[in-house]
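Heads up, the thing below is written out as C-alpha cells.
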Amino acid sequence: LTELRGRLGLRRVEVRELSPSGLASPTATVELRAMLEGYAPGSDAVDTGCFTLQVDGGPVAYRVAPIQSGEVALGTLRVANRRWSPEAPALHTVTLTVLDKACSCAEDSIKSRFGLREVRAAGRAVLLDG
C-alpha cells in the first residue's frame with residue numbers, strides 16, 4: 001500500500017457500537033468507518049467511492065459513499081450480540097473491499113475482527129459481560 005499509483009487502498013476499518021444494548025438484546029448496532037490511502041483532496045482522486053462489505057460471512061452489501069479527508073462512513077449494521085470471554089472470545093469478522101471508479105473491480109480489501117463487550121461496576125467488583 002505504500003505506492004498505490006492513483007488507486008485507493010484501505011488503511012484500516014473502525015467499528016463502533018452505537019447505543020450499547022447490553023447482553024439482554026440479541027443484536028447490536030455498529031457503525032463502520034474506513035480510512036483510505038491514496039486519496040488526495042483536490043487531486044484527480046474520486047470524491048465518492050464504491051465499497052463492498054461483509055460481516056460474519058453473511059450477504060455482501062454494496063455501498064457508494066462520499067470520501068471526506070480520506071475517511072468514509074459506511075453506515076450501520078446489526079450484528080449478533082454474543083457473550084464474550086477471554087477463554088472463548090465471540091469475535092465478528094468484517095471484510096471491506098474498495099472497488100475501482102467503475103465499481104466493478106477490487107482495488108484493495110481488508111479483513112478485521114471485533115468483539116462486543118459490556119464492562120460495568122457492581123459495588124467493588126468489575127463485571128465483564130455480566
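Please list 3J(HN,Hα) in residue order for region 92-103, calculated via the Karplus relation 6.51 cos²θ - 1.76 cosθ + 1.60 where θ = phi - 60°; whole Hz, with x for glycine and proline.
Whole-Hz 3J(HN,Hα) from phi for region 92-103: 9, 10, 10, 10, 10, 10, 9, 9, 5, 4, 7, 6.
Order 55-62, 111-118 from most to least packed using the mean count of other Cβ atoms within 10 Å. The partial results should precede the final answer.
On the way: 55-62: 11.2, 111-118: 15.1.
Ranking, from highest mean packing down: 111-118, 55-62.
May I ask you to evaluate 6.51 cos²θ - 1.76 cosθ + 1.60, the Karplus curve with θ = phi - 60°, for each residue of region 24-32 and list the ³J(HN,Hα) values in order in whole Hz, giving x for glycine and proline?
The phi angles translate into 5, 8, x, 9, 9, 9, 10, 10, 10 Hz.
What ³J(HN,Hα) values, in whole Hz, does the Karplus curve 6.51 cos²θ - 1.76 cosθ + 1.60 give for region 8-15 when θ = phi - 60°, with x put for Gly and Pro?
Computed from phi, the couplings for region 8-15 are 8, x, 9, 8, 6, 10, 10, 10 Hz.
Just so you know, all these numbers are worked out from the coordinates, no wet-lab data involved. In this text, all values refer to a predicted model and were calculated from it rather than measured experimentally. Note that each Cβ is placed from the backbone with ideal geometry, even for glycine, and that neighbours are counted across all protein chains shown.
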